[in-house]
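Asks: Below you'll find the structure I mean.
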Amino acid sequence: MGALQSAPGHQEYIDLAEKTGFSFEQIGVLHKRFKQLSHNQETLRREHFNEIPDLACNPIRAQIVEAFFDRRNIRQNGGGTVEEIGFEEFLVVMSHFRPPSLHMTNEQRENVRREKLRFLFNMHDTDNDGTITLEEYRHVVEELLSRSGTLEKETAKSIADAAMLEVASISMGHMEPDEFYEGITFEHFDKLLIEFEIESKMNIRFLNMDTTTLCK
Amino acid sequence: MAALRPVRRRPAPRLTGLLCVLLLVFVPFASASRDVDSESNETWGRPARSTQEDPDHRTNSSDPHPKKSFPVLSFNYEHVRKPFEISLWILLALLMKLGFHIIPRVSNIVPESCLLIVVGLLLGGIIKAVNEKVSLFDSKFFFLYLLPPIILDAGYFLPIRPFTENLGTILVFAVVGTLWNTFFIGGLMYGVCQIEATQLGDVSLLSCLLFGTIISAVDPVAVLAVFEEIHINELLHILVFGESLLNDAVTVVLYHLFKEFSLAGTVTVVDAVLGVVCFFVVSLGGIMFGVVYGILGAFTSRFTSHTRVIEPLFVFLYSYMAYLSAEIFHLSGIMSLIACGVVMRPYVEANISHKSYTTIKYFLKMWSSVSETLIFIFLGVSTVDGPHDWNWTFVIVTVVLCLVSRVLGVIGLTFIINKFRIVKLTKKDQFIVAYGGLRGAIAFSLGFLLTDSKMKRMFLTAIITVIFFTVFVQGMTIRPLVELLAVKKKKESKASINEEIHTQFLDHLLTGIEDICGHYGHHHWKDKLNRFNKTYVKKLLIAGERSTEPQLISFYNKMEMKQAMMLVESGSAAKLPTVVSSVSMQNIQPRGPSSRRAMPSISKSREQEIRKILRGNLQKTRQRLRSYSRHDLMMDPFEDNMSEVRFRKQRVEMERRMSHYLTVPANRQETTPVRKVWFEPGVSRCSRIINYTL
């Protein structure tokens, strides 16, 4: 059948589907998009991401792009970043945004939640030391406010400080004046956003992506 | 009922009870005295008239008119009758409300709406016993005066984010669900009427459908009244509540449609098509009116910086005008009101002063509370009063059909909706949505508006029965059911800067991922709307520098202000609440030479505001603290030391918490003697800290 010959290795798709949980249609559409972004090459690089026009006005563009090349997100060992990713890694990163299915046990939902939370944590923890320090958090807030016209660095700083204070109060409770709070660990991050219901919020609708409406 | 039988132990309910009894007795006499008054007016009228006849005589001064003694004390009730009766009713309603809350046991089991209806029933009974015809219930009164405050309160404080996220679901439930209910109930009812045994053969199909329309709409007042007390999670609350608000358009269209048709007699295809067009006109037109008035209101609030006192009035009046304007054209007034409140709110809140904001909040809550109370009481009174025609078959079939159609509708629609939702609705959710479909006063008023006939009376009886059933049975049992099914409750929303940061972060993240996927989805359009809002609309509608303030910063400022006020308020109360944690900025700052930070540059006007509040309240605090420690501790002069120590401790606590909130290291080494504070009102550590922070 002609369709099988044009589809790049159905066997590959089955593997990917098992690994990431996407359906075949979704993988097909994403593959098309991957090829469009990479100009039909095998791998994606940072420059390809920077070409997306809609992404240009996003305040946290740099961090999003970095997240794709972060070894922790593409399930490779070791820290740091890679220079280019293949389709499989692309899919793995995308799979963090899949919604939890209806028929999941509580434990599975919890796992999904932790995975999404881990993705967010990795985005904040840029130096990969397992904690989000005050400097890193300040950077996050500054980036969020970076597109708002006036660069109010001082206000960004005080917001980040207040946020950090809140985390410390929630996680540590009581601290002596000479103790120092190193940074937000993953456990503290979890505790902080426990009411946030991230498994319901951090989702993209992969269902009905029509290839004809793919933006350039 | 509770109010009439004063409770044994506590004096307060007894007093309330006595007052209520007095008022209850007075009201029928007030209405009954109408006849007496008209007579007494005549007796007083005569001397008035006669004196009027006499002006020419009086000028002559030789007046042979027999001189009556000057009336020292006169009685003229007609003069103030209408406002007096209105005030009396409102006062009575509020006293009832007061009474219920003093008696906690009852209010835990029975929702307030039920109690109010029962009170209404009793009142109606008393009025009937006095054999007085008080036709209180006027549909016009209900729709023009009682309903708008409740809807405005709901619309103004509508949580936008969950509403827009679930808008699709809400619309499907509101439009398709109501249509399904109408046709199911109307159709099956017609089928039942056709059965020979029921002797209801004269009820036409169109009448049945009209009845179906009236009875199928979920009522926002009843939903609010019941759901407010059970605190379920945000998603379910917004689903049921949103549905009850948005189905107004459908109800209005169908009601007018069937009313016209039942006069005309026949329905053609053209009429049906026109009906559909009418639906779009009614809903979109209503929303458009609301948006226009909302923008006008927001624009006006831009210039009110010199007349702060009348700011709340603009909000109320523009919204009310939106409602009335929509009602002129028979568009959906409720949707207009909601749209106006939603559009106006973000811009108005950026422009008005904090006091105006509080005023708006409390006035809206107050008015909606009074309206709700009055509505339920009137419902009870009208039940006793209204013309009834009890028909067992009709009533029972109605109740059963309502329940069945609601359940079927919800299940069927959820099945379809879940295909498109990311977060699916579980069986528990579906049950609560189905069970929360309460009917209320809107159905009754619509029924009341029908032209009088035997059918109308039958309809009214059935409507009242359904309302009673839903409010009493469903209203009372929903709370234990929620507990039983362990439905997620509303999480206590503590404004957290971290959550706000991450909400925004997530928004941008998801938009970015959508762009990478190449998919113009939900987030993409929301982002575009936000950017449009920021670049054009905000500049137009918000005064001064606030127009360019990013959302995160305004959130942060709002939170700081709230915490500062909370702090000084709690500081002046008798007891200081315990400190949550002893973490302060010192624990977080990186060690090193950076002990002296550059000051955060909040804008000047903000600074002034915060500084004014803190200073003003701190002075009050100081005085109050002083008086507290003096009077409350009741000590001898030489026990001053104790109070001083306590006072100092409180000061330290307050400071620490202030520094906690205002993110400045607490300078705890400086424990200068507190006495200085008492005698030198100008200088204090606290005001010095204000200078540091701001």
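Asks: If you go through the range B:437-461 one residue at a time, how many are farther than 14 Å from residue B:379 by Cα and in contact with a Ser or Thr (Cβ under 9 Å, 6 or more places away or on another chain)?
Replies: So the answer is 5.
Asks: From B:408, B:403, B:413, grab the single residue that is in a helix (DSSP H, G or I) and without any contact (Cβ under 8 Å) to a residue 24 or more places away in the chain.
Replies: B:403
Asks: Name the residue, out of A:169, A:148, A:200, that is among the polar types (S, T, N, Q) and modelled with pLDDT under 75.
Replies: A:148
Asks: Another question about this same structure. Scan the range B:332-355 for residues that are surrounded by 24 or more Cβ atoms within 10 Å (Cβ to Cβ) and outside any helix (DSSP H, G or I) and jot them down.
Replies: Of everything in the range B:332-355, just one residue is surrounded by 24 or more Cβ atoms within 10 Å (Cβ to Cβ) and outside any helix (DSSP H, G or I), namely B:332.
Asks: Moving to a separate point now. Only one residue in B:120, B:201, B:125, B:168 is surrounded by 23 or more Cβ atoms within 10 Å (Cβ to Cβ) and touching a helix residue (DSSP H, G or I) at 6+ places or on another chain (Cβ under 8 Å). Which one?
Replies: B:120
Asks: Output the number of residues of the range B:479-499 satisfying the condition of being more than 23 Å from residue B:168 (Cα to Cα) and either within 11 Å of chain A (Cβ to nearest Cβ) or of a type in the set (Gly, Ala, Ser) (or both).
Replies: Residues flagged as more than 23 Å from residue B:168 (Cα to Cα) and either within 11 Å of chain A (Cβ to nearest Cβ) or of a type in the set (Gly, Ala, Ser) (or both) within the range B:479-499 amount to 10.
Asks: Applying the selection to the range A:178-194, what residues are acidic (Asp, Glu) and either within 15 Å of residue A:111 (Cα to Cα) or crowded, with 17+ Cβ neighbours inside 10 Å (or both)?
Replies: Correct list: A:187, A:190.
Asks: Given the range B:50-117, what helices (runs of 4 or more DSSP H) lie entirely inside it while holding 1 or more residues that are modelled with pLDDT of 85 or more?
Replies: Fully inside the range B:50-117 and qualifying: B:81-102.
Asks: Sort out which residues of the range B:257-269 are under 21 Å from residue B:285 (Cα atoms) and out of contact with any helix residue (DSSP H, G or I) (no Cβ under 8 Å at 6 or more places or on another chain), and write them in order of number.
Replies: Selection gives B:260 alone.
Asks: Please work out which residue is modelled with the lowest pLDDT, limiting yourself to the range B:466-502 and to residues that are within 30 Å of residue A:166 (Cα to Cα) and acidic (Asp, Glu).
Replies: By that ranking, first place goes to B:492.
Asks: Another question, then. Go through the range A:155-166 and give me each residue that's more than 8 Å from chain B (Cβ to nearest Cβ) and either modelled with pLDDT under 80 or farther than 18 Å from residue A:126 by Cβ (or both).
Replies: Answer for the range A:155-166, where residues must be more than 8 Å from chain B (Cβ to nearest Cβ) and either modelled with pLDDT under 80 or farther than 18 Å from residue A:126 by Cβ (or both): just A:156.
Asks: Another one. May I ask you to say which residue of B:279, B:314 is hydrophobic (A, V, I, L, M, F, W, C) and under 26 Å from the mean Cα position of the chain (by Cα)?
Replies: B:314 is the lone residue from the list that is hydrophobic (A, V, I, L, M, F, W, C) and under 26 Å from the mean Cα position of the chain (by Cα).
Asks: I've got another one for you. Would the range B:198-216 turn up any residue that is under 30 Å from residue B:108 (Cβ atoms) and β-branched (Val, Ile, Thr)?
Replies: no
Asks: Please determine, by comparing only the residues of the range B:206-236 that are at negative phi and assigned to a loop (DSSP other than H, G, I, E, B), which one is nearest to the chain's Cα centre (by Cα).
Replies: So, considering only residues that are at negative phi and assigned to a loop (DSSP other than H, G, I, E, B), the one nearest to the chain's Cα centre (by Cα) is B:219.
Asks: Okay, moving on. Pull up the range A:45-90, narrow it to residues that are in a loop (DSSP other than H, G, I, E, B), more than 11 Å from every other protein chain (Cβ to nearest Cβ) and β-branched (Val, Ile, Thr), then point me to the one that is surrounded by the fewest Cβ atoms within 10 Å (Cβ to Cβ).
Replies: A:82
Asks: Provide a single number: the residues in the range A:34-44 that are assigned to a loop (DSSP other than H, G, I, E, B) and surrounded by 15 or more Cβ atoms within 10 Å (Cβ to Cβ).
Replies: Of the residues in the range A:34-44, 2 are assigned to a loop (DSSP other than H, G, I, E, B) and surrounded by 15 or more Cβ atoms within 10 Å (Cβ to Cβ).
Asks: Here is a follow-up. Within the set of pairs 6+ apart or on separate chains, which have a first residue in the range A:44-65 that is basic (Lys, Arg), a second that is in a helix (DSSP H, G or I), and C-beta atoms under 8 Å apart?
Replies: Between residues of the range A:44-65 that are basic (Lys, Arg) and residues that are in a helix (DSSP H, G or I), the close pairs are A:46/A:65; A:46/A:69; A:61/A:55; A:61/B:512.
Asks: What tally of residues in the range B:406-460 results from selecting those that are within 14 Å of chain A (Cβ to nearest Cβ) and either crowded, with 23+ Cβ neighbours inside 10 Å or over 26 Å from the mean Cα position of the chain (by Cα) (or both)?
Replies: Total satisfying the criteria: 14.
Asks: Can you pull out the residues in the range B:219-229 that are crowded, with 21+ Cβ neighbours inside 10 Å and out of contact with any Gly (no Cβ under 9 Å at 6 or more places or on another chain)?
Replies: B:224
Asks: Here's something else I'd like to know. What's the number of the condition residue B:174 fails, among (1) of a type in the set (Gly, Ala, Ser); (2) assigned to a loop (DSSP other than H, G, I, E, B); (3) modelled with pLDDT of 90 or more?
Replies: (2)
Asks: A follow-up question, please. So which residues in the range B:500-530 are acidic (Asp, Glu) and either more than 7 Å from chain A (Cβ to nearest Cβ) or touching a Ser or Thr at 6+ places or on another chain (Cβ under 9 Å) (or both), if there are any at all?
Replies: B:500, B:507, B:527
Asks: Check B:330, B:354 and return the single one that is at pLDDT below 90, over 19 Å from the mean Cα position of the chain (by Cα) and under 28 Å from residue B:251 (Cα atoms).
Replies: That would be B:330, the only listed residue that is at pLDDT below 90, over 19 Å from the mean Cα position of the chain (by Cα) and under 28 Å from residue B:251 (Cα atoms).
The values are calculated or read from the model by the stated rules, or taken from the named source; none is laboratory data. Computed from a predicted model, the values in this text were never measured in an experiment. Reconstructed Cβ throughout: ideal geometry from the backbone, glycine too, with neighbour counts over all protein chains shown.
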